[in-house]
Amino acid sequence: MNPHQLSSGDLIADRRAEYAQMLAASGDHAEAADLMRQALELAPDWAAGWFRLAEHEEKSGEREAAAASLARVLDLNPDDIFGARLKRAVLGADDVPGQAPSAYVARLFDDYADRFDAALVERLDYTVPGRLAEMVESFTNGATLERAIDLGCGTGLFGAEIRPHVGMLEGYDLSSNMLAKAAEKHLYDHLGEADLSKPLAASGLIAHDYPEGRADLAAAADVLMYLGDLVAVFAIVPHLLKAGGLFAFSVEDAEAAPVNSSADGFLLRPSLRYAHSEAYVRGLCETAGLEVLDVARATIRKDGAQDVAGILFLSRKSL
């Protein structure tokens, strides 16, 4: 959810916030912050307004004030649909959380769904789905796999790449709008909501007709950067795979990513996405009984004008 799209419910406060946004667009962030504070005097319980104020304060160099405004956002919105806790960590005001809030990720991609394909493929040179599919096809010599599970399937970009090589394709995502876009492509035999940050039984990935140990392939293309601590993911995936099943996934490369905050094995970038080290991922694979078959470093997309470095992995569950 874009915080700039949310109304305070007070017409004058909204008008002042609009003027503040115009000032920010012209580069006058300090004046934008002052005008936003005036708006919040009229609407003091406006969580989106406090988030806007924090943005203006940060860009005007008022980092401590921005952190305080973000704390107010969290008071008003404990589910944290704005990612305020992540922003506070980037500012150095909080420890790096183990993951992005599920509500934040779901709302982010609900808002992004309509323009997702055009933004990533046409403007940001997004390459992960094709590269992961090539890694899988190279290992299997193009053989058809019986069943694949696309974790964080989004609009179906990886699904389109792997569909010709699988008999049954499942897709799961946190965002209902993303799932609706994926359904329009008629790639998947089953689509459902799922949360990789939860234990397997509560994740949405297991049901009567979809038991454990069913997949020849699980994939997570450009998904794990919203989950800093990947222990839960690597506890789930082996339960989805048959013996010898493959897990193909990507991470942003911590060794190549400038960051403001860090934790063991993963880093939180200013983009509010996580980057992971190869050593951290290899350790999780070993603990989960996944043999690493292939690793490739590549530019996986752009972030504005900057290239984003990533690491692509292909692993296999023990036979």
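Things to note:
- Considering residues of segment 190-207 that are part of a loop (DSSP other than H, G, I, E, B) and not small (Gly, Ala, Ser) only, the residue nearest to Phe109 (Cα to Cα): Asp195
- Residues of segment 162-189 satisfying the condition of being part of a helix (DSSP H, G or I) and either among the hydrophobic types (A, V, I, L, M, F, W, C) or not assigned by TED's automatic domain parsing to the domain that holds Ala219 (or both): Ile162, Met178, Leu179, Ala180, Ala182, Ala183
- In segment 213-268, counting only strands (runs of 3 or more DSSP E) that sit wholly within it, the ones holding 3 or more residues that are in the same structural domain as Gly156 (by TED's automatic domain parsing), surrounded by fewer than 22 Cβ atoms within 10 Å (Cβ to Cβ) and at pLDDT 95 or above span 241-253.
- Check on Arg107, at pLDDT below 95 and surrounded by 17 or more Cβ atoms within 10 Å (Cβ to Cβ): yes
- Cross-chain or 6+ apart pairs with Cβ under 7 Å, segment 72-86 first and closer than 11 Å to Trp50 by Cα and assigned by TED's automatic domain parsing to the domain that holds Arg37, then assigned to a loop (DSSP other than H, G, I, E, B) and among the aromatic types (Phe, Trp, Tyr): Val73/Phe82
- Residue in segment 290-313 that is touching a His at 6+ places or on another chain (Cβ under 8 Å) and either surrounded by 21 or more Cβ atoms within 10 Å (Cβ to Cβ) or not assigned by TED's automatic domain parsing to the domain that holds Glu137 (or both) present: yes
- Within segment 136-153, residues that are on the phi > 0 side of the Ramachandran plot reach partners that are in a strand (DSSP E or B) and surrounded by 13 or more Cβ atoms within 10 Å (Cβ to Cβ) with beta carbons closer than 8 Å, at six or more positions or on different chains, in the pairs Gly152/Tyr172; Gly152/Asp173; Gly152/Ala220.
- Residues in segment 299-319 that are modelled with pLDDT under 90 and among the charged types (D, E, K, R): Arg301, Lys302, Asp303, Asp307.
- Entry remark, segment 39-94: residues being assigned to a helix (DSSP H, G or I), closer than 19 Å to Arg107 by Cα and of a type in the set (Val, Ile, Thr) number 1 in total.
- Answer residue from segment 95-111, given it is in contact (Cβ under 8 Å) with a residue 40 or more places away in the chain and in a helix (DSSP H, G or I) and is nearest to the chain's Cα centre (by Cα) among those: Val105
The values are calculated or read from the model by the stated rules, or taken from the named source; none is laboratory data. No experiment lies behind these values; they were computed from the predicted model shown. A quick note on method: Cβ atoms are made from the backbone with ideal geometry, for glycine too, and the neighbour counts reach across all protein chains shown.
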